[in-house]
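Below you'll find the structure I mean.
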Amino acid sequence: MTKVLEGIRVLDFGRYIAGPYCGTLLGDMGAEVIRIEKIDGSEDRFLSPITDKGDGALFMQLARNKLCMTLNPMKPEGREIVKKLVATADIVIANLPPDTLAKMGLDYESLKAIKEDIILTTVSAFGRGGPYANRVGFDGLGQAMSGAMYMSGTPEQPVKAYPPFIDFGTASLSAFGTMAALFERQKTGKGQMVEGSLFSTALTMMNGTAIEQAAIKRNRVATVNRSQTSAPADTFKTKDGWVLVQSVGGPLFKRWADLMGEEHWLEDPRFKDDISRGDHGEIISERLATWCAERTSAEVLSAMEEARLPAGPIMSPQDVLDDPHVAARGLFQPTEYPGLDVPAPLMKTPVELSETPGEIRSRPPTLGEHTDQIMNELGYSAEEIAELKEKRVV
């Protein structure tokens, strides 16, 4: 089966999530992705170590379908190798500060001088321009400075979400931008620069709240898991666990009132529409909390399913691994890796195409696994490669 990006070569200088996962998505769609890594291994390789050599869980997810070569682009010989690599590439991904990009010869003007139609995809914390342009940052800053943390937890304790959703969102949007740039290059023959930023992604996700604040000055504060714009929508303790119920719209509210066997909810003007129900959501949550506390999670979820109300259990990571729906759909692909006692359950491409789906074709690479192969392709002899390794250039 032909892959969407078959024949496209990507140089991935990304680190951690926002850059690398952009490359991962392109690799899933068939691109040849070369991960360029520090001589002793880049920091993101070793987060949450799970092998005897320290290779990490996040690396397993983000490095599938990639080749790996080690390279020091800050040395003169390394810069020459970068130039040769760029001449063979279609896309360069780098989530590095602008000054670092320039020092490595990875700024857009330097790349364009080597290959006219190159596409450079960069990711930064705050984007170019503005007083924050040169600040460094991770996912948490996007959550903190967009209103997301302020609206999570309680007014006394803002809460950062555990999953780095700003990072993954930025990576996904950057992949979208890169694909758009490729599509444009097919039409015009011209490359361009694609820029993503954690702050822009975070503001996008919180834009509705910002619009409401600008328009009517609601001055919302956090209410833990309870929604402020509809109800019932909250987490509830059962006899043996926790569930989340999420209702939006009048028809679902009527189903809930019918499930409770209490018509008065539908007659009370405090609950006449979604925003009114959100404004008085604490009352609705209290009623449903009492109902859930008298039942097991299974009983609650069974009743909710029968009433066609969206609800689900609060699951631990082990519960996720054991979930029958995950198993039935084959969402995780067991993937062997050197030094790993059990296969890593890699989540497959999260968007499904009927004719040209993404796929995991190869396991994550060991450190520098393909250095010799790639250097040979660039014309370096075994002796030259050995000398460059001695100098710690590759």
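Can you tell me which residues in region 310-350 are in a helix (DSSP H, G or I) and over 20 Å from the mean Cα position of the chain (by Cα)?
Across region 310-350, the qualifying residues are GLN318, ASP319, ASP322, PRO324, HIS325, ALA327, ALA328, ARG329.
Another question, then. Here is a list: THR209, THR170, THR201. Which entry is surrounded by 18 or more Cβ atoms within 10 Å (Cβ to Cβ) and farther than 30 Å from PRO98 by Cα? Please lay out each step first, then the result.
Values: THR170 fails: farther than 30 Å from PRO98 by Cα; THR201 fails: farther than 30 Å from PRO98 by Cα.
On inspection, the qualifying residue turns out to be THR209.
I'm trying to understand the selection: among the residues of region 1-33, which are surrounded by fewer than 22 Cβ atoms within 10 Å (Cβ to Cβ), part of a loop (DSSP other than H, G, I, E, B) and not aliphatic (A, V, I, L, M)?
Those that are surrounded by fewer than 22 Cβ atoms within 10 Å (Cβ to Cβ), part of a loop (DSSP other than H, G, I, E, B) and not aliphatic (A, V, I, L, M): THR2, LYS3, GLU6, GLY7, ARG15, TYR16, GLY30.
Right, here's the next one. Please identify the pairs in which a residue from region 101-112 that is crowded, with 19+ Cβ neighbours inside 10 Å has its Cβ atom under 8 Å from the Cβ atom of a residue that is of a type in the set (Asp, Glu), counting only partners at least 6 apart or on another chain.
Filtered contacts from region 101-112: LEU101/ASP107.
Regarding region 37-46, can at least one residue be identified that is touching a residue at least 40 places away in the same chain (Cβ under 8 Å), under 16 Å from LEU101 (Cα atoms), surrounded by 19 or more Cβ atoms within 10 Å (Cβ to Cβ) and in the same structural domain as GLU336 (by TED's automatic domain parsing)?
Among the residues of region 37-46, at least one is touching a residue at least 40 places away in the same chain (Cβ under 8 Å), under 16 Å from LEU101 (Cα atoms), surrounded by 19 or more Cβ atoms within 10 Å (Cβ to Cβ) and in the same structural domain as GLU336 (by TED's automatic domain parsing), which makes the answer yes.
Taking only pairs six or more apart or across chains, which ones have beta-carbon atoms under 7 Å, a first residue in region 68-88 that is basic (Lys, Arg), and a second residue that is modelled with pLDDT of 95 or more?
LYS75/VAL393; LYS83/ILE114; LYS84/LEU378
Let me ask something else about it. Exactly one of these conditions fails for LYS75: (1) under 29 Å from GLU384 (Cβ atoms); (2) surrounded by 21 or more Cβ atoms within 10 Å (Cβ to Cβ). Give me its number.
Exception for LYS75: condition (2).
I'm trying to understand the selection: among the residues of region 337-376, which are within 19 Å of LEU85 (Cα to Cα) and in contact (Cβ under 8 Å) with a residue 12 or more places away in the chain?
PRO365, LEU367, GLY368, GLU369, HIS370, THR371, ASP372, GLN373, ILE374, MET375
Mind telling me which of the residues GLU212, GLU267, GLU263 ends up being within 27 Å of GLN157 (Cα to Cα) and among the acidic types (Asp, Glu)?
GLU212
Quick check on region 372-379. Is at least one of its residues under 20 Å from the mean Cα position of the chain (by Cα) and either not in a helix (DSSP H, G or I) or not hydroxyl-bearing (Ser, Thr, Tyr) (or both)?
no
I would also like to ask the following. Which of the residues belonging to region 243-276 are touching a residue at least 60 places away in the same chain (Cβ under 8 Å) and crowded, with 16+ Cβ neighbours inside 10 Å?
Residues satisfying the conditions are VAL243, VAL245, GLN246, SER247.
Here is a yes/no grid of residues against (1) part of a loop (DSSP other than H, G, I, E, B); (2) surrounded by fewer than 19 Cβ atoms within 10 Å (Cβ to Cβ):
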site	(1), (2)
TYR132	yes, yes
GLU156	yes, yes
PRO163	yes, yes
LYS187	no, yes
VAL194	no, no
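Does ALA175 fit the bill of being within 16 Å of the chain's Cα centre (by Cα) and surrounded by fewer than 17 Cβ atoms within 10 Å (Cβ to Cβ)?
In short, no.
Kindly list, by first and then second residue, each pair from a residue in region 164-188 that is farther than 15 Å from THR204 by Cα and among the β-branched types (Val, Ile, Thr) to a residue that is in a helix (DSSP H, G or I) and at pLDDT 95 or above, limited to pairs with Cβ atoms under 8 Å and residues at least 6 apart or on different chains.
THR178/CYS22; THR178/LEU26
The values are calculated or read from the model by the stated rules, or taken from the named source; none is laboratory data. For clarity, every value in this text was computed on a predicted model and none was experimentally measured. FYI the Cβ positions are ideal-geometry reconstructions off the backbone, even for glycines, and counts take in every protein chain you see.
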